[in-house]
2 protein chains.
Amino acid sequence: MESDKLDSRKMAILNAIIRNYLETGEPVGSRTISKFTDLSLSSATIRNEMADLEELGYLVQPHTSAGRIPSDKGYRLYVDKMMEEKVEEVNNMKEVLDQKADRIENLLKKVAKLLAVNTNYASMITTPKYRSRKLKFIQLTNVDDSHLLAIIFLEGNIPKNKVIDADHRYEESVLLKLNIVLNSLLQDLDLEEINMNIIQKIKEQAGEDSALIGRVLDAIGEAIREEDNIEVYTSGATNILNYPELSGDDSARRLLYTLEDKQELAELVDDKLSNENGDNSGKRGDIQVYIGNETPIDSMKNCSVVTATYEIEEGVYGKVGIIGPKRMDYDKVVGTLKTLMTQLDEIFKKK
Amino acid sequence: MESDKLDSRKMAILNAIIRNYLETGEPVGSRTISKFTDLSLSSATIRNEMADLEELGYLVQPHTSAGRIPSDKGYRLYVDKMMEEKVEEVNNMKEVLDQKADRIENLLKKVAKLLAVNTNYASMITTPKYRSRKLKFIQLTNVDDSHLLAIIFLEGNIPKNKVIDADHRYEESVLLKLNIVLNSLLQDLDLEEINMNIIQKIKEQAGEDSALIGRVLDAIGEAIREEDNIEVYTSGATNILNYPELSGDDSARRLLYTLEDKQELAELVDDKLSNENGDNSGKRGDIQVYIGNETPIDSMKNCSVVTATYEIEEGVYGKVGIIGPKRMDYDKVVGTLKTLMTQLDEIFKKK
DNA sequence: GTTAGCACTCTATTTGTTTGAGTGCTAACA
DNA sequence: TGTTAGCACTCAAACAAATAGAGTGCTAAC
């Protein structure tokens, strides 16, 4: 039994086969490789080598009289050892990202679209995940006779508005007092730290207006939870339909379905793609490639998924991903993501 | 030449054909109708009638030796004259709509999903369109040494936050003064009414802080424009793939594409579906049915689109739509939309 | 006006045939 | 011993012909 290590000729042949298949999408035969490469070997020799490569699990034959196509293992080897990382120019990246995006959401949506347009695959991007948001600052203001507005600033300078029902109009002086009480006791706390003890203190200090406090705390809770909720934006989902190997069976349908239900997708991505902090993932700038069955998301088992982690500030990460057929242009996708990461880094540092 | 008016037997036959076709999706033949109805006519007679109906343009024959299917004109007659409007129960509607939805967006998203799940077609819903938003109230607050927060209340009690760059920290008293100036001069104005004249006045009264005023006004402009922007939420787009008559050619692909690009879709819906205020549309509770080519949106020409207009408050409308194959279950869809409209009305009145 | 009957049309399905790409194996070669 | 030419073999895809079945239109009789 041969060792699992491939000699350089086998490597060259495998490389040629995969490159050819990525381009054409057709099973590639011995004759093609014989001409296509400068190894100057006859098709017969290639055939022997191909048979070996198949036995070793790097290639697969769709049927007896067809050429070979790469197996997942083959792709894996290609991605790990053979891929040439060229730096990818990304069309319009500069213009798109330089537009002022007041809200991070809008920036993320743009990024997703940019990726989809540039690669012709589907893309997705999550909002960044904070460990747990802390309250930075809260302010109550009169709106009308029966409503107050709570402006809630969370860690990361994110303002949230919550309208609160009130039984009557509050005097400015009362609001001022409440604001001071709330801020002095709640500042820099996250949800877990706001316990009964603290709540009790606030209510005491608030005196007769303690009824309102409950509603204010609810509003804070809501605001924090909302912001903690990871969201996912996708783009180019319909690009998937361009790849016959996916639209043939109902892979494409299932994939589109997953991409459409953002709620579920967010959970999947959060659970499955971000979870493996142990090994290689999670470090900024790193790119992960999931090939076929390696993908932890069921409906993407017939695809490859390439993800990257962006860092918006110390310790606050989000995920970007590109989903395409297994025969995706890995060089390009990885290059594109790397370029994007660099650009995003610059943008976030500036802030 | 016969009159275009159909006698009651022709009506009955056409009705039977359409109903049958809606169910099965297969061209329906004379024999089927002969048995299916209680007209007790032989297939030969039906055949003669069918030939007439075809000549009159209500039916179409895909090919010589096939049964007939309804033409757009046939569907139109069906929708106008034959449809039986049963009141549709909508699954879970109560539960879903009763959940407190603090933001109108969330309610709309839920409605879209509800419709898609209940009908098995695709659904879309726009945010309501205000004529032009007026400013109700603005308040500036210190955030830190180089930023202010502008809380901008628009007509309809919509709070918007804008963070404004500041060169230094402003004294509370200064902010108080600015707030008063801004509110006294800008209250209840829309974008068009905020003209150079007014801007000049504000700057005068603001004195040395007039530099800031420009940025504040920009923020107001942005807030109003953002809120004026119609957005569209969709759901169940992938349901489209369940209908072979659409996924056969690339209708489905084009439709999915349209539904994915919310930006473009919003414009289309706004332009084309809301535009015809002249005739029947736009009145609350009215249902419009666009069959095939009647649809003003290109990528939906092979579909039928059923829309309704909801009213969130006096004069403020939005559109809901259901997109499905031409052989959609019109009775059900119209019924569902009507039920929904009633429910929404209740919700909005409560507010 | 209605209907039975029949010839006719056209699609969809099946079956068989051909073509061509590609393989594996063997035997000869350097 | 590794490489190659040659050949028999396999299989999917493309094409063609045959068949079955659903449905029609028309005619003639009721």
Distances in nm between the label point of B:Gly315 (7 Å along Cα→Cβ) and its equivalents in the other copies, shortest first, are 5.1
Cα-Cα over 28 Å: which of A:Lys319/B:Lys272; A:Lys81/A:Lys319; A:Lys113/B:Lys136; A:Lys301/B:Lys326; A:Lys160/A:Lys262?
A:Lys319/B:Lys272; A:Lys113/B:Lys136; A:Lys301/B:Lys326
Suppose you put the label 7 Å out from Cα in the Cβ direction; list, shortest first and in nm with one decimal, how far A:Glu192 is from each other copy's label.
5.5
Less than 12 Å Cβ to Cβ from A:Val117, Lys/Arg counted +1 and Asp/Glu -1: what total charge do the surrounding residues give?
+1
Rounded to two decimals, what is the ratio between the C-alpha radius of gyration of region A:8-82 and 2.2 N^0.38 Å?
0.96
Loop-located GluC sites (Glu not before Pro) in region B:1-85, at most 12 other Cβ atoms within 10 Å (DSSP)
B:Glu2, B:Glu84, B:Glu85
Dipole of chain A, positive direction: furthest Cα of A:Cys303, A:Thr127, A:Leu191, with charges on the beta-carbon:
A:Cys303
Which lysines have a Cα lying under 16 Å from the Cα of A:Lys177, excluding residues fewer than 8 positions away in the same chain?
A:Lys201, A:Lys203
Taking a label point 7 Å out from Cα toward Cβ, give me the nm distances from B:Glu231 to the same spot in the other copies, shortest first, one decimal.
0.6
Intensity falloff of the protein assembly as shown expressed as log10 I(q)/I(0), Debye formula with alpha-carbon point scatterers, at q = 0.05, 0.10, 0.11 Å⁻¹:
-0.34, -1.11, -1.23
Taking each pair of distinct Cα atoms in chain A once, what is the resulting Kirkwood hydrodynamic radius in Å?
23.6 Å
In region A:141-183, the GluC sites (Glu not before Pro) that sit in a DSSP loop and have at most 10 other Cβ atoms within 10 Å of their own Cβ are A:Glu171
With a cut-off of 8 Å between alpha carbons and a minimum separation of six or more residues, what is the relative contact order of chain B in percent?
18 percent
How charged is the neighbourhood of B:Asn20? Take every other residue with its Cβ under 11 Å from the Cβ of B:Asn20, and add Lys/Arg as +1 and Asp/Glu as -1.
+2
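By the scheme Lys and Arg +1, Asp and Glu -1, what is the net charge of all other residues having a beta-carbon under 12 Å from that of B:Ser184?
Once all neighbours under 12 Å are counted, the net charge is +1.
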Given a cut-off of under 8 Å on Cα pairs at least six residues apart, what relative contact order in percent is computed for region B:120-159?
34 percent
Kirkwood-based Rg/Rh on the Cα set of region A:135-228 evaluates to 0.93
Show me B:7-19, A:326-338 ranked by packing, highest mean number of other Cβ atoms within 10 Å first.
A:326-338, B:7-19
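Based solely on its DSSP helices, what 222 nm [θ] is calculated for chain B when runs of n ≥ 4 H residues each add -39,500 (n - 2.57) and the sum is averaged over all residues, nearest 500 deg cm²/dmol?
Counting only the DSSP helices, I get -13500 deg cm²/dmol.
All of the numbers you see were taken from the coordinates with simple rules; none came from a lab. The structure displayed is predicted, hence computed values, not measured ones. Note: ideal-geometry Cβ built from the backbone for every residue, glycine included; neighbour counts use all protein chains shown.
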